[in-house]
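The values are calculated or read from the model by the stated rules, or taken from the named source; none is laboratory data. Just so it is clear, the model here is predicted, and its values are computed rather than measured. Note that we place each Cβ from the backbone using ideal geometry, even for glycine, and neighbour counts take in every protein chain shown. Ligands, DNA and RNA are stripped out before the accessible areas are found, and what is left, the full protein with its side chains, is counted by its heavy atoms. Shrake-Rupley method; radii C 1.70, N 1.55, O 1.52, S 1.80 Å.
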Amino acid sequence: MAQTSQAKAQTMRAVALDKFGGPEALKIQNLPIPQIEDNEILIRVEAAGVGAWDPIEREGRFVEIMGVKPKFPYVLGTDGAGTVAAVGEKVRDFKEGDRVYAAELANPKGGFYAQYTAVNADNASLIPQRLTVEQAAVLPSDGLTALTGLQKVLGLKSGESLMVYGASGGIGHLAIQLAKRLGANVFAVASGDDGVQFAKKLGADRAVDGRGEDVLEAAKKFATNGIDAALVTAGGEETDEALLAIRQGGRIAYPHGVMPEPTAPEHVAIEAYDGETSPALIARLNELIGAGPFEVHVGRTFQLEEVSNAHKALGEHHLGKIALRIQ
Ligand SMILES: NC(=O)c1ccc[n+]([C@@H]2O[C@H](COP(=O)([O-])OP(=O)(O)OC[C@H]3O[C@@H](n4cnc5c(N)ncnc54)[C@H](OP(=O)(O)O)[C@@H]3O)[C@@H](O)[C@H]2O)c1
């Protein structure tokens, strides 16, 4: 194990839970800097993603679902970005000083709501050119979830039509752009007028307001023989009605966590899935992003001290992602 100079300080500031609970349970604490194993890197975190699932993890429902025993103080934060402060002895792809982003779910050593985090090097990547550190911080969980859904679960092919439901949100806004890069015709169901404008700007071929417009009618006009596939990131009666526009033999994918769970019309395949990660998938994400202008949208940014407000903001209308500035 090679803990190097930049990590010589023994403690760090982190947002940690002493017990699961509401936003008020998030407390700034001084904690020991995590030690790295041979296959890990230590990241000096500059920004973290605030995930739509973070409140669920904060309330303790995540560890229940995953069947793991939580260790307190518990540091949230599935993804983030910063600078490599130390590398494990078996790590070949990174060196001290590299600018990286990474995602690791329910990391027992603590997440990204901290000045330092230790992650498996396989879960990290150099930050793609053109992305700011905040954009890189919010990218990996939702980017990899969008890509897993489009490529692996839906097997999206060039020329196919795709509905992205929840298109102005974290996964949705990335999915529009990735699907366009994969050659799909994208019908975006976004939230509000600003969401519709945003989805159009990102390249959607048609964008409608799922909170006001007749989505089914618009979708039928978009693809008269029915839409080939759908990636769904928000559930409810409106979602199920919109999904009637998917053609027979078509397919629907949604990440676990979307509630209420969407239901498929007859003769349409539906699959719930989890975002995957591997060095190859991260490289593919970077490649698609690097193929032209790509917007990772940080709708709101909060300072570490404002973390409770960041969690509250998740429940308020916003575009794209929310970032937490760590230092
Ligand atoms: N299993 C996994 O691997 C995995 C990974 C990542 C995420 N997830 C889950 O996937 C879900 C989506 O994640 P996310 O990061 O994309 O969340 P998000 O940023 O909250 O996106 C959901 C979007 O849906 C919009 N929406 C809600 N109702 C709508 C409607 N009727 N018409 C149009 N848009 C509507 C929301 O708009 P407003 O802003 O107006 O509410 C929001 O923009 C969450 O449940 C998350 O926990 C699972």
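Values for this structure:
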quantity: Computed magnitude of the charge dipole of the chain (debye, nearest 20; Cβ of K, R +1, Cβ of D, E -1); calculated: 780
quantity: Global geometry of region 202-257, whether rounded, prolate or oblate, following the gyration tensor of its Cα atoms and the 1.5 cut on a/c; calculated: rounded
quantity: Rounded Å value of the spacing that divides the Cα centres of region 105-122 and region 197-222; calculated: 38
quantity: Carbon/sulfur fraction of accessible area - the chain, other protein chains in place, 1.4 Å, %; calculated: 49
quantity: Mean separation of Cα contacts under 8 Å (6+ apart) over length of region 92-173, as relative contact order %; calculated: 25
quantity: Amide proton proximity set for Phe302, modelled H, under 5 Å, gap of 5+; calculated: Ala323, Leu324, Arg325
quantity: Accessible area per residue, Å², the chain with all protein chains present, probe 1.4 Å; calculated: 43
quantity: Entries of Lys90/Lys321; Lys19/Lys109; Lys19/Lys90; Lys157/Lys201; Lys109/Lys321 with Cα pairs more than 28 Å apart; calculated: Lys90/Lys321; Lys19/Lys90
quantity: The chain: antiparallel DSSP beta bridges as a percent of all, rounded to 5; calculated: 55
quantity: Volume per residue of the C-alpha convex hull in the chain, rounded to whole Å³; calculated: 120
quantity: P(r) tail fraction, region 32-163 - alpha-carbon pairs more than 20 Å apart, %; calculated: 48
quantity: GNM result for the chain, Cα springs below 10 Å: residue of Gly290, Gly143, Gly49 fluctuating most strongly; calculated: Gly290
quantity: Square roots of five times the Cα gyration tensor eigenvalues for region 211-321, Å; calculated: 29, 20, 15
